[in-house]
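Student: Before anything else, here's the structure in question.
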Amino acid sequence: MSKVLVILETAGGQIRPHCLPGITCAAEIARATGKPLHLLVLGAQPDAAAQAIAAAGYGAAAVHTLAGPTLEPFTAEAWADAIIHAARTLGASVIGGTASSTLRDALPRAAAVLDAPLVSEVVKVKSGDTFVRPISAGRALQDQKVNAGTFFFTARGTEFEHAQPTGAVPVQAVAAAAANTRGAVVQGVQKTESSRPQLTEAKVIVSGGRGMREGANFKLLEQLTDLLGGALGASRAATDAGMVPADLQVGQTGKIVAPELYFAVAISGAIQHLAGMKGSKTIVAINKDAEAPIFQVADYGLVAKWEEAVPRLVELIKARKGA
Amino acid sequence: MKILVCVKRIPDPDESLKFAGGGLDYSASKWVPNAFDEYAIETALRLAEVVGGTQRLAEVIVLGIGPESQRQQLTQFLAMGADRGIIVDADPDKLDTATVSKLIAAVFKKEAADLLIAGKLSQDNEGGQVPQRVAGLLDVPQASFAATVEWDQGAKALTVGREVDDGVEVKRVPLPAVVSVDLRIVLPKSVKNGSTPATHAYQEGPRLASLKGITMAKRKPVAVLKPSDLGVAVGTNEQVVGVAAPPARKAGQKVKTVEELFEKLTKEAKVI
Ligand SMILES: Cc1cc2nc3c(=O)[nH]c(=O)nc-3n(C[C@H](O)[C@H](O)[C@H](O)COP(=O)(O)OP(=O)(O)OC[C@H]3O[C@@H](n4cnc5c(N)ncnc54)[C@H](O)[C@@H]3O)c2cc1C
């Protein structure tokens with residue numbers, strides 16, 4: 001029987017946590033279509049990670065590995081080759097995973113070669129062939145139906161729960177395929193080193209905007225962030241200005257986040273920013289302009305300058321923690 | 001060197017959406033080029049021109065898919081400085097993402113282009129697939145989500161800084177290739193072509209068309225093709241079966257002081 005196949009990313013012999021919502025979305029598609037759920041781990045030496053993933057099971061029938069020296073570091077070219085090969089070999093007719101920068105790069109390429117549609121950024125599975133996805137910076141939700149024997153999907157990480165361990169399942173190896181990078185060479189990744197949680201995983205996010213004026217002023221936001229064990233975020237204006245690294249950008253074209261608590265400090269609330277954080281449980285806005293649109297989505301809005309509000313808030317939280 | 005750039009028209013993202021009959025009513029919309037496509041043409045022009053000289057290093061071709069009557073955004077890109085245009089005359093509402101990608105790949109092949117530069121996303125439909133699909137169909141390398149591009153003319157390769165989830169990945173791709181561009185490609189020093197002085201700082205953002213550019217655009221050649229000329233069958237296997245407004249957030253409250261905010265966060269929302 002044809003399968004639902006989830007492509008996983010791993011690091012240090014473990015599944016990367018951002019892949020877990022993609023498994024949940026795939027499990028819903030598997031239920032809706034009556035097809036079994038299978039997981040795929042790609043890499044130069046995928047076995048250790050595959051064993052760890054298989055021990056958790058995540059409701060899948062099996063974990064498959066596909067090994068190849070060209071699969072690390074990641075390139076869309078080699079990964080698409082491997083995904084196509086695995087999909088054919090395993091007889092998968094639904095292929096997808098969490099909408100990370102990796103799968104957003106590789107899956108459309110693979111889908112094109114298989115002449116299959118891809119439904120991107122699924123937020124809800126309506127049936128086995130109809131999915132809800134946000135469009136126009138989250139201002140509308142579209143129900144999209146696919147009419148194809150084989151299709152791909154990417155799932156928006158904030159909209160599905162993390163898949164939970166269910167019990168051990170077997171690991172099976174897919175015979176290696178020719179996967180090649182078409183001459184592309186990854187020369188390195190400049191990683192933003194941080195001891196803070198990943199933006200997409202954090203329970204608390206403190207974001208700053210253009211009104212912070214310069215990178216040094218983010219120190220104050222970092223204090224607030226660290227007191228709350230959160231992650232630092234930013235608007236496009238702040239990242240474009242180089243105040244903080246680009247991968248901290250929240251929004252339509254940055255990270256999509258939905259923490260328990262989101263602080264928007266000196267951020268006006270442009271639709272492209274809202275698209276990335278509107279799903280947060282509690283939103284706090286601190287802005288000196290009472291008319292700033294961010295106040296329309298904020299649960300708690302404080303009209304104030306950050307220079308005054310943030311240090312005081314830090315003091316109050318410190319005092320509470322000390323108590 | 002031949003660079004192909006795609007342009008898509010979208011309803012002005014600053015206008016509010018009009019929901020009607022289970023869909024969106026765009027009949028009164030103002031149409032504008034997709035912002036990422038503007039970043040794509042700016043990237044292509046920065047690669048093609050030599051600042052401080054008159055030499056052109058590449059021909060820049062703009063491709064639009066849609067009825068000929070809707071060529072305004074393509075003309076705008078010609079006015080910015082592209083050399084010529086190609087229109088594939090088809091009803092965009094009857095084309096799915098896969099077919100649009102096939103049409104672009106077919107034009108790329110027909111032109112024997114060296115590089116496709118496309119926006120990473122269209123602001124309206126937000127599919128985020130077309131450039132990667134075209135690269136797959138052409139079987140050429142791809143560099144998605146580019147924030148910087150450096151052209152090594154001698155080696156016929158590009159070194160691209162890609163914005164990925166964990167930071168910036170540097171990927172070198174030999175030509176022919178496909179590059180999809182992200183926001184920061186239009187910062188002052190994001191594009192280097194090896195001929196414009198590396199110290200040159202562009203004005204941030206896509207350029208505006210000059211008056212001369214607008215006049216010249218009218219005289220630039222624009223070829224009109226049909227999908228059948230490209231051997232691509234038109235159709236769709238995607239269907240939009242409904243559109244709805246997302247649930248609104250419940251109205252929030254203004255607090256007067258930091259103390260009140262702290263009180264609310266600890267006692268009411270109980271989030272800290
Ligand atoms: C295609 C496209 C994609 C985009 N994608 C994104 C995206 O993913 N994410 C994103 O964020 N943006 C995105 N944008 C940009 C977006 O449209 C806005 O330009 C941007 O979000 C504005 O950032 P900002 O709120 O920090 O700056 P501004 O809009 O300039 O707002 C600054 C705010 O700071 C306040 N302020 C100033 N000084 C102080 C002070 N001392 N104390 C308190 N408040 C102060 C001001 O009142 C103002 O409200 C995108 C735009 C386009 C065209």
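Student: Relative to the longest principal Cα axis of chain A, at what angle does helix A:20-33 sit, 0 to 90 degrees, rounded to 10?
Tutor: Approximately 50 degrees, to the nearest 10.
Student: As an exercise, use a Förster radius of 35 Å and the Cβ-Cβ distance of B:PHE19 and B:SER69 to find the FRET efficiency, rounded to the nearest 0.05.
Tutor: 0.85
Student: Just to be sure I understand the model, the point goes 7 Å from the Cα along the line to the Cβ. What's the resulting A:THR166 to B:VAL234 distance in nm?
Tutor: Those two pseudo-labels are separated by 4.5 nm.
Student: Let me know the charge dipole size of chain A about its Cα centre in debye, to the nearest 20, where only the beta-carbon of Lys, Arg (+1) and Asp, Glu (-1) is charged.
Tutor: So the magnitude is around 400 debye.
Student: How would segment B:2-268 be classified by its alpha-carbon gyration tensor: rounded, prolate or oblate, with rounded meaning a/c under 1.5 and the a/b versus b/c comparison settling the rest?
Tutor: Cα axes put segment B:2-268 in the oblate bin.
Student: Taking chain B as a Gaussian network, where each spring joins two C-alpha atoms under 10 Å apart, which residue of B:GLN142, B:GLN73, B:GLN203 fluctuates the most?
Tutor: Checking each option, the largest mean-square fluctuation is seen for B:GLN203.
Student: Moving on. Give me a single rounded figure for A:141-153: the average over its residues of other chain Cβ atoms within 10 Å of their Cβ.
Tutor: Mean shielding count: 4.
Student: Got the relative contact order for segment A:204-322 handy, in percent, Cα pairs under 8 Å and 6 or more residues apart?
Tutor: Rounded, it is 23 percent for segment A:204-322.
Student: Next up: Between the helical axis of B:97-111 and the dominant principal axis of chain B, each derived from Cα atoms, what acute angle in degrees is found, rounded to the nearest 10?
Tutor: Rounded to the nearest ten degrees, it is 20.
Student: Taking amide hydrogens as modeled 1.01 Å from N in the peptide plane, which residues meet the under 5 Å criterion relative to A:TYR58, leaving out close sequence neighbours?
Tutor: A:THR166, A:GLY167
Student: I've got another one for you. Could you let me know the centre-to-centre spacing of segment B:171-193 and segment B:76-97, using Cα atoms, in angstrom?
Tutor: Cα centroid to Cα centroid, the span is 21 Å.
Student: Taking segment B:4-107, which GluC sites (Glu not before Pro) meet the DSSP loop condition and have no more than 15 other C-beta atoms within 10 Å?
Tutor: Passing sites in segment B:4-107 are B:GLU15.
Student: Oh, and also: Take every Cα pair under 8 Å in segment A:3-173 that's 6+ residues apart, average their separations, divide by the length, and report that relative contact order as a whole percent.
Tutor: Computed over segment A:3-173, the figure is 31 percent.
Student: Then there is this: Classify segment B:201-252 as rounded, prolate or oblate, taking a ≥ b ≥ c as the square roots of the eigenvalues of its Cα gyration tensor: rounded when a/c is under 1.5, otherwise prolate if a/b is larger than b/c and oblate if not.
Tutor: Taking the square roots of the gyration eigenvalues as a ≥ b ≥ c, segment B:201-252 is oblate.
Student: Tell me, what is the 1.4 Å probe accessible area of B:ASP93, in Å² to the nearest 10?
Tutor: Roll a 1.4 Å probe over it and B:ASP93 shows about 140 Å².
Student: If one computes the Cα centroid of segment A:207-237 and of segment B:119-155, what distance in Å separates the two points?
Tutor: Each part reduced to its Cα centre gives a spacing of 31 Å.
Student: Ranked from the most accessible area to the least, with a 1.4 Å probe and all protein chains present, what is the order of B:GLU238, B:GLU260?
Tutor: The most accessible residue leads, giving B:GLU260, B:GLU238.
Student: Could you check which residue among A:GLU214, A:GLU193, A:GLU308 shows the biggest mean-square fluctuation in a GNM of chain A with a 10 Å Cα cutoff?
Tutor: A:GLU193
Student: While we're on this one: Write out the trypsin sites (Lys or Arg not before Pro) in segment B:186-272 meeting two conditions: DSSP loop, and at most 14 other Cβ atoms within 10 Å of their Cβ.
Tutor: Those that pass, being in a loop and sparsely packed, are B:LYS189, B:LYS218, B:ARG219, B:LYS250, B:LYS256, B:LYS270.
Student: On to the next question. Around B:LEU115, which amide H atoms from residues at least 5 apart in sequence, or from another chain, sit under 5 Å from its own amide H, with H modelled in the peptide plane?
Tutor: Correct list: B:LYS2, B:LEU4, B:ALA177.
Student: Tell me the mean residue ellipticity at 222 nm calculated for chain A from its helices only (DSSP H runs of n ≥ 4, each -39500 (n - 2.57), averaged over every residue, nearest 500).
Tutor: After summing the helix terms and dividing by the residues of chain A, the value is -8500 deg cm²/dmol.
Student: Also: Express in Å², to the nearest 10, the accessible area of A:THR154 obtained by rolling a 1.4 Å probe over the protein heavy atoms while all chains stay in place.
Tutor: Spelled out: A:THR154, probe radius 1.4 Å, area about 0 Å².
Student: Follow-up question, since we're still on this one. Which percent, nearest 5, of DSSP beta bridges in segment B:2-268 are antiparallel?
Tutor: If I count the DSSP bridges inside segment B:2-268, around 40 percent turn out antiparallel.
Student: State, to one decimal in nm, how far the label point of A:ALA61 lies from the label point of B:ASP91, with both points 7 Å from Cα in the Cβ direction.
Tutor: 4.1
Student: Now for a separate question. Please compute, for peptide A:250-257, the average count of beta-carbon atoms on other protein chains lying within 10 Å of each residue's beta-carbon.
Tutor: For peptide A:250-257, the averaged partner shielding equals 3.
Student: Under 14 Å from the Cβ of B:GLU111, count the other residues' Cβ atoms, weight Lys and Arg +1, Asp and Glu -1, and hand me the total.
Tutor: Here the charged neighbours net out to 0.
Student: If you take each beta carbon of peptide B:228-237 and count the beta carbons of other chains within 10 angstrom, what is the mean?
Tutor: For peptide B:228-237, the averaged partner shielding equals 1.
Student: Cα gyration tensor of segment A:204-322, axes a ≥ b ≥ c as square roots of the eigenvalues: rounded (a/c below 1.5), prolate (a/b > b/c) or oblate?
Tutor: Note, shape of segment A:204-322 comes out rounded.
Student: Another one. Quick one: net charge around A:ALA319, please, counting Lys, Arg +1 and Asp, Glu -1 for every other residue with C-beta under 14 Å from its C-beta.
Tutor: Summing Lys/Arg as +1 and Asp/Glu as -1 gives +1.
Student: Here is a further query. Post the alpha-carbon centroid distance, segment A:246-261 to segment A:1-31, in whole angstrom.
Tutor: 22
Student: How far is helix A:101-113 tilted off the main Cα axis of chain A, in degrees rounded to 10, range 0 to 90?
Tutor: With rounding to tens, the tilt is 40 degrees.
Student: Starting from the residue with the highest accessible area, list B:SER69, B:SER180 in decreasing order, probe 1.4 Å.
Tutor: Descending order: B:SER69, B:SER180.
The values are calculated or read from the model by the stated rules, or taken from the named source; none is laboratory data. The structure displayed is predicted, hence computed values, not measured ones. Every residue, glycine as well, gets a Cβ built from its backbone with ideal geometry; the counts of neighbours run over all protein chains shown. Please note that ligands, DNA and RNA were not included when accessible areas were found on the heavy atoms of the full protein model with its side chains. Shrake-Rupley method; radii C 1.70, N 1.55, O 1.52, S 1.80 Å.
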